[in-house]
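Data block below; observations after.
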Amino acid sequence: MLKQFFIICSGADTDILESCSKGEQNKYAGIGATVFFTALMAFIAASYALYRVFDNLLAAICFGFVWGLLIFNLDRYIVSTIKKTGNVIDELIQASPRIMLAVIIAIVISKPLELKIFEKEINQVLLEQKNDFTLANKDQIAQQYTPAIEGLNNDIKSLQDQIDAKEAEVNALYDTYIAEAEGREGTMLLGKGPVYKEKREKHDAGLAELQALKTTNKAKIEAAEAQIAKLNTDYESQVTTSQPKNDKIEGLITRVNALGELPWLPSFFIFLLFLAIETSPILAKLLSPKGEYDIKFLEDESKLKTWADQQEYQRKTALTTDHVINDRVYGDIAEEEELYAYKKKVARELMKKQQDAFYEKQTKILG
């Protein structure tokens, strides 16, 4: 049963093959098995590729099945139409379109399975690409917020510098009036005299200004810090929302591009493997010697061609003979006086009717 199925897959004429030896039948069963398993590999590869694209198992299986049938039908047709004439050049010319097509199909089939075989390595490449994108994205977004944040930090520093400068000035005034009271500077008199009071009043005025400055600048600093906090929050929010989604970074094209980042040699050998698988039906037919089936098949084809040539020759001969006979018959008729007189009579009547019709038409026009 399985042998018969593979023979059908080979595209061989089962009526002719039944009259051949068991070895010849086994040869074509092997060719049919190659055609079948090539289509099976195409089905698996196409299903996986479509599953990566649509993430729908049923749709992927249905499309993969159709693709497998297409490859099966194509291989079966090509194998069945290659004639084993014994001339290698003629056979290669017959197979050349299929071999070129096999290269294209091998690429289509091998890529999805390469994606699966090198899935871990591809995921690592995608992770690195995602990290690089994330860092570049953060830097790009930071360019929008960094100038404003730096400007606010400079404002805060300027406000704090004002407070520090005023505080240093007040501290200096404090040291001055204390030194005056102790007699170490100024009038060099111990006690709280008029000069002490003047310096004390100057210190107290500066201290009041310092307190007012602290209050004012503190409010400005808090407002600037609030703006910085808001800018930082907006920055983090924009970074989060602008991160690539998984379906954006793990699409089929993205994974194929990531596969291109890996060393080419392993992928090339996998391509060669699938190229060998895809061309195996045609190679099996080309490498197989001319056998009993091929001889009987060519014999039946030759009989049919001879019969068709005979039929065409007979039709051409009959047509030529009919032309000769017609020429002789019409030539003899052309010389008969009776036929001449009859046609002359008919022509005369026809011309009279034409003249009468012309006269009536002209009479109506002239009124």
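Read-outs throughout are calculated quantities, based only on the coordinates presented, and are distinct from any laboratory measurement. Keep in mind the model is a prediction, meaning the values are calculated, not measured. Here Cβ is always computed from backbone atoms with ideal geometry, including for glycine, and neighbour counts include all displayed protein chains.
Couple of notes before you dig in:
- Highest-fluctuation residue, Gly30, Gly291, Gly206 considered, GNM on the chain with Cα pairs under 10 Å: Gly206
- Cα convex hull volume per residue for segment 32-86 (Å³): 63 Å³
- Overall shape: oblate for segment 308-366, with the ratio a/c of the largest to smallest alpha carbon gyration tensor axis at 1.5 or above and b/c at least equal to a/b.
- GNM remark for the chain: springs join alpha carbons under 10 Å apart, and the peak mean-square fluctuation among Tyr340, Tyr235, Tyr48 falls on Tyr340.
- Here's the list of lysines a cross-link from Lys3 could span, going by alpha-carbon distance under 26 Å and ignoring same-chain residues fewer than 8 apart: Lys22, Lys27, Lys83, Lys84, Lys285, Lys290, Lys296.
- Span from the segment 101-147 Cα centroid across to the segment 333-367 one, whole angstrom: 93 Å
- C-alpha center-to-center spacing [segment 1-32, segment 264-321] in angstrom: 16 Å
- Span-like helix criteria (full DSSP H runs; alpha carbon extent of at least 15 Å along the helix axis; mean Kyte-Doolittle hydropathy of at least 0.5) are satisfied in the chain by 22-54, 57-81, 88-117, 264-287.
- Residue-averaged 222 nm ellipticity for the chain, from DSSP H runs of 4+ at -39500 (n - 2.57), nearest 500: -31500 deg cm²/dmol
- The candidate values were [x] 16, 21, 15, 15, 15, 9, 5, 3, 1; [y] 26, 46, 25, 3; [z] 24, 41, 25, 10, 1; the one computed from these coordinates for P(r) over Cα pairs in 20 Å bins from 0, in percent carries the label [x].
- Within the listed set Leu115, Leu213, Leu135, the Gaussian network model of the chain (springs between alpha-carbon atoms below 10 Å) gives the highest mean-square fluctuation for Leu213.
- Lysines whose Cα lies under 24 Å from that of Lys130, excluding same-chain neighbours fewer than 8 positions away: Lys111, Lys116, Lys120, Lys138, Lys245, Lys248
- Projecting the Cα atoms of Leu304, Leu339, Ile7 onto the charge dipole of the chain, computed from C-beta unit charges around the Cα centre, puts Leu339 farthest toward the positive end.
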